1. Which members of the range B:112-121 meet the condition of being in a helix (DSSP H, G or I) and either within 16 Å of residue B:142 (Cβ to Cβ) or hydroxyl-bearing (Ser, Thr, Tyr) (or both)?
2. Pairs needed: first member in the range B:224-237, under 15 Å from residue B:250 (Cβ atoms) and more than 7 Å from chain A (Cβ to nearest Cβ); second member anywhere, among the aliphatic types (A, V, I, L, M) and surrounded by fewer than 18 Cβ atoms within 10 Å (Cβ to Cβ); C-beta distance under 8 Å; at least 6 residues apart or different chains.
3. Filter the range A:192-220 down to the residues that are buried (at least 24 other Cβ atoms within 10 Å of the Cβ) and within 24 Å of residue B:224 (Cβ to Cβ), then identify the one that is farthest from the other protein chains (Cβ to nearest Cβ).
4. Is there a residue in the range A:56-63 that is modelled with pLDDT of 95 or more, more than 26 Å from residue A:203 (Cα to Cα), touching a strand residue (DSSP E or B) at 6+ places or on another chain (Cβ under 9 Å) and surrounded by 21 or more Cβ atoms within 10 Å (Cβ to Cβ)?
5. Could you tell me how many of the residues in the range B:20-51 are crowded, with 19+ Cβ neighbours inside 10 Å, in a loop (DSSP other than H, G, I, E, B) and either out of contact with any His (no Cβ under 9 Å at 6 or more places or on another chain) or without any contact (Cβ under 8 Å) to a residue 40 or more places away in the chain (or both)?
6. Of all residues in the range B:211-235, how many are assigned to a helix (DSSP H, G or I), among the hydrophobic types (A, V, I, L, M, F, W, C), over 19 Å from residue B:130 (Cβ atoms) and out of contact with any Leu (no Cβ under 8 Å at 6 or more places or on another chain)?
7. Scan A:208, A:241 and give me the residue that is more than 18 Å from residue B:131 (Cβ to Cβ) and assigned to a helix (DSSP H, G or I).
8. Is it true that residue A:43 is among the acidic types (Asp, Glu) and touching a Phe, Trp or Tyr at 6+ places or on another chain (Cβ under 6 Å)?
There are 2 protein chains.
Amino acid sequence: MRETRVYLLDGGSLELDGFHIFWNKGPAGAVRIPCYSVLVVHDEGNLVFDTGFDLAHVETVLPFERPGQSAEQTIPGQLAKVGVAPGHITHLVNSHFHFDHCGGNKHLSNAAVYCHEAEFRAADSPEPFEVLGYSDVSFAPELARRQAVAETDSALASVYAPRIEQISGDQEIFKGVRIIETPGHSAGHYSLLVELGHRRPMLFTADAAYGPASLDTLCISGFHFDPVASIRSMRRLKQIAEETGAELFFSHDASSYAGYLKAPGYYY
Amino acid sequence: MRETRVYLLDGGSLELDGFHIFWNKGPAGAVRIPCYSVLVVHDEGNLVFDTGFDLAHVETVLPFERPGQSAEQTIPGQLAKVGVAPGHITHLVNSHFHFDHCGGNKHLSNAAVYCHEAEFRAADSPEPFEVLGYSDVSFAPELARRQAVAETDSALASVYAPRIEQISGDQEIFKGVRIIETPGHSAGHYSLLVELGHRRPMLFTADAAYGPASLDTLCISGFHFDPVASIRSMRRLKQIAEETGAELFFSHDASSYAGYLKAPGYYY
């Protein structure tokens, strides 16, 4: 039996305005934020949580977010550092389908993809204010075809046909690896809680909390679907962290991220 | 029988950031916005829709919004210009209870106050991100006492005891004077539609649409309770304007406001 390991897969960075990070508070001004994914190597399989952004997509559709991503900061590049072949990823969970969390899904063609059922619907039929967030639908060529996105009539659709499992509620994917419903930032958002043998559990908030200041002040990000639900989700994360003794890992905070161990290092 | 008249009561101005006005879009930077109320002089009574902000409140609690308001720009000052005594206002409708829409309620002590039931609850128990919005509870000393706001233990509470009618759904207040449910900006938000004898109906969006650019681009304000509902409400306003031929009057847009006729002038 293998000991569970957790790797943080660096995915480069984007630039947001301070008003995007702290809703209505800011202050204004460009802030560079990290993007990363999580690999859980577990006795029951290899799970990836989120897959970062696709550089070409962001350069084309959202160049104003000034993406920074080396070849090493892609999903294949990061998995190579860890020594895991993309084809050996068995499970893929997307916290949600914003472009900076699902851009690398297409590299994990053998993985069963898990997402919240409300999230799939939202990505299929976004509100006007969500159109850019859900602009990368390469994670689901079937959905992209429905939206008549030209690029997916090309090679991609024929080579990537993911098996997407739409779920709801908290779920235990592997023993000690749970996804926790934290809606609000998007319609069907999941956070990830991982128990390990030699340290406190790790609670990956994903975009339910960009950084510690978000949680401390209950200031959600400017990007959100339901701010009331967002507040409930933040409170839920705090409560779970207190009850389980978990350490919180935030999604988009440069100074927190600087202190995290990145692949090929791992938590265990 | 009197002909119905509509007066726009100037209430001064505030300063917001562009990101507050156009959610997640901005651009950043200070923007001065007008605040005004509406007086409908009608055969069935004298109705005021919204009452602007209280200067002392904003100077104390939200000085960063840099309020500008002369004595003439208060509710008593504006009513004096029109020649209506505050005590002769019979009906008061608040689109919602954000401080810049209810700050002058206390001057209309004989009016029956109409608000959406969901709005009253929200003002009584705001979400963390609404605390500043609902910071002026002088419109309901009973509610202020529950919130233990010190100032209302003073003179005000004893002299102002409004009769507040909590309603829901679209309502016809007077013949040809309707309030229209447009939730989203706040939990229970109303817009106002007034039919007149000699012109197109007037549709006051209140904060369901700060300005024409908001409506054209479906870009709601940064301040909101439920963005999905906000989009529905914007679409509803567009549809009502089309169906009734109404002219839209926006709440917080300086260039639109410059073209509106202000009291003592009136629409009829």
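The values are calculated or read from the model by the stated rules, or taken from the named source; none is laboratory data. The model shown is predicted, which means the values in this text are computed figures rather than measured ones. Positions of Cβ are generated from backbone atoms using ideal geometry, with glycine treated the same way; all protein chains shown enter the neighbour counts.
1. Here is the first cut: in the range B:112-121, the residues in a helix (DSSP H, G or I) are B:117-121.
The answer is B:117, B:119, B:120, B:121.
2. B:234/B:218
3. Only one residue fits best here, namely A:206.
4. Step one: list which residues in the range A:56-63 are modelled with pLDDT of 95 or more, which gives A:56-63.
Checking which are more than 26 Å from residue A:203 (Cα to Cα) leaves us with A:56-63.
Right, trim to touching a strand residue (DSSP E or B) at 6+ places or on another chain (Cβ under 9 Å) and you get A:58, A:62.
If we keep only those that are surrounded by 21 or more Cβ atoms within 10 Å (Cβ to Cβ) as well, we get A:58.
Yes, the conditions are met somewhere in the range A:56-63.
5. 2
6. Adding up the residues that qualify gives 1.
7. On the way: A:208 fails: assigned to a helix (DSSP H, G or I).
Answer to the selection: A:241.
8. On the way: among the acidic types (Asp, Glu): yes; touching a Phe, Trp or Tyr at 6+ places or on another chain (Cβ under 6 Å): no.
Here the answer is no, as residue A:43 does not meet what is asked.
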